[in-house]
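For reference, the structure is listed below as structure tokens.
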Amino acid sequence: MRCPFLSEETVRSCLAAPYRKPLPVASIAAGDERCTSPSFTGCTLARQNLETLEGGRCPLVSESLVQFCTASAVHTYVPWSDAQGSRCRGPAHRYCSAYLEVAAPGSAAAADTSAGSTEPAGPADELSPVEQGLAFTENHFWCDESDTDLHVGIDRFAADVLGTVDWVRFGALKGRRRPIVVLGVGDDELTLVYPAALEVSRCNVHLRNHPEDLTRDPYGAGWLFEAARTGDWRPEKLRHGDEAAHWLREERHRLTHFVQSCMSRGPIGSAHAGDGGTPVRGLARCLDGASAIDLYAEFFRA
């Protein structure tokens, strides 16, 4: 599944030019270019580099097939042969910032309009088509294993519990380890650890400037880690498809019981629950210190 914004073009350039600028063949008007006509003999570069000036076309002109991103403000031509291993040609294009900005406008700058909402977190009766292709860990990370490289992030359950985060900090940007991300939620720091060692090649540092995307779009712009696929990357327990949907529903129910248990220990404020105890988005900001620690231990500890 290639990126819909990936395009191909035949370009023409001069092998003798000190600065080789490829020009799209389709944009060259007929008769406006002498390189492919007998008039190439009047070119200074041709005279300097060729022993004989014969024929109807300059032998120094080169044509090649290139690829480029139509979603990018500046079109950078990449030779077709060099682009075969790029993320543009596979499912990983879904985590490209240029793709996300066009496919979901405002992802990098849009405020999380649900921040502070007192509406209950949405039910997880079904997984969306995108989520159906993901695997979920016990401590609420998702993993996209559909491409050569793995992508990892937090799931919608975790995003709803957090509501919004104030900042995002990565334990390390590259290397083989259990990836760690530290999130600022009010006065608290929440450390999340992916429950298996990964060969991390890239982190989504975009989240440093736009932490709102982590919870606004957890399966897209909010991805956390990119890693090479290695033999032991897979945690002991991963859930897919219908099993994952059922498990996430059960986790919502378990979260409701957790909130009700907190309420039974004393008043915790009307913002903590609605409809008789249904957890609301941003629950993590509402709990006191002891309850927040219990919440982390119960749902997010590796």
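The values are calculated or read from the model by the stated rules, or taken from the named source; none is laboratory data. This is a predicted model, so every value here is computed, not measured. A quick note on method: Cβ atoms are made from the backbone with ideal geometry, for glycine too, and the neighbour counts reach across all protein chains shown.
Looking at the stretch 178-201, which of the residues that are touching a strand residue (DSSP E or B) at 6+ places or on another chain (Cβ under 7 Å) and touching a residue at least 60 places away in the same chain (Cβ under 8 Å) is farthest from GLY222 (Cα to Cα)? Selected residue: ARG178.
For (1) among the basic types (Lys, Arg); (2) at pLDDT below 85; (3) assigned to a loop (DSSP other than H, G, I, E, B); (4) surrounded by 14 or more Cβ atoms within 10 Å (Cβ to Cβ), each residue gets a yes or a no:
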position	(1), (2), (3), (4)
GLU8	no, no, no, no
ARG12	yes, no, no, yes
ALA16	no, no, yes, yes
ALA26	no, yes, no, no
ALA29	no, yes, yes, no
ARG34	yes, yes, yes, yes
LEU45	no, no, no, yes
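Check the stretch 48-59 and report whether any residue there is surrounded by fewer than 13 Cβ atoms within 10 Å (Cβ to Cβ), of a type in the set (Gly, Ala, Ser) and over 30 Å from ARG94 (Cβ atoms). Yes, the stretch 48-59 contains at least one residue that is surrounded by fewer than 13 Cβ atoms within 10 Å (Cβ to Cβ), of a type in the set (Gly, Ala, Ser) and over 30 Å from ARG94 (Cβ atoms). Considering each residue of the stretch 149-177, count those that are in contact with a Gly (Cβ under 9 Å, 6 or more places away or on another chain) and either without any contact (Cβ under 8 Å) to a residue 40 or more places away in the chain or farther than 13 Å from LEU190 by Cβ (or both), and give that number. Residues flagged as in contact with a Gly (Cβ under 9 Å, 6 or more places away or on another chain) and either without any contact (Cβ under 8 Å) to a residue 40 or more places away in the chain or farther than 13 Å from LEU190 by Cβ (or both) within the stretch 149-177 amount to 6.
Each row is one residue, and each column tells you yes or no for (1) exposed (fewer than 14 other Cβ atoms within 10 Å of the Cβ); (2) modelled with pLDDT of 85 or more; (3) outside any loop (DSSP other than H, G, I, E, B); (4) not polar (S, T, N, Q).
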residue	(1), (2), (3), (4)
PRO218	no, yes, no, yes
ALA227	no, yes, yes, yes
LYS237	yes, yes, no, yes
GLY266	yes, no, no, yes
ILE293	yes, yes, yes, yes
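Checking PRO211, PRO218 one by one, the residue that is over 24 Å from ASP288 (Cα atoms) and either in the same structural domain as PHE258 (by TED's automatic domain parsing) or under 18 Å from the mean Cα position of the chain (by Cα) (or both) is PRO218 and no other.
Note on the stretch 204-216: residues that are farther than 14 Å from ASP166 by Cα and crowded, with 23+ Cβ neighbours inside 10 Å total 1.
Using the structure shown, decide if ALA158 is among the small types (Gly, Ala, Ser), on the phi < 0 side of the Ramachandran plot and surrounded by fewer than 21 Cβ atoms within 10 Å (Cβ to Cβ). For ALA158, the condition - among the small types (Gly, Ala, Ser), on the phi < 0 side of the Ramachandran plot and surrounded by fewer than 21 Cβ atoms within 10 Å (Cβ to Cβ) - is not met. Within the stretch 156-188, can you find the residues that are among the acidic types (Asp, Glu) and at pLDDT below 90? Listed by number, the residues that qualify are ASP187, ASP188.
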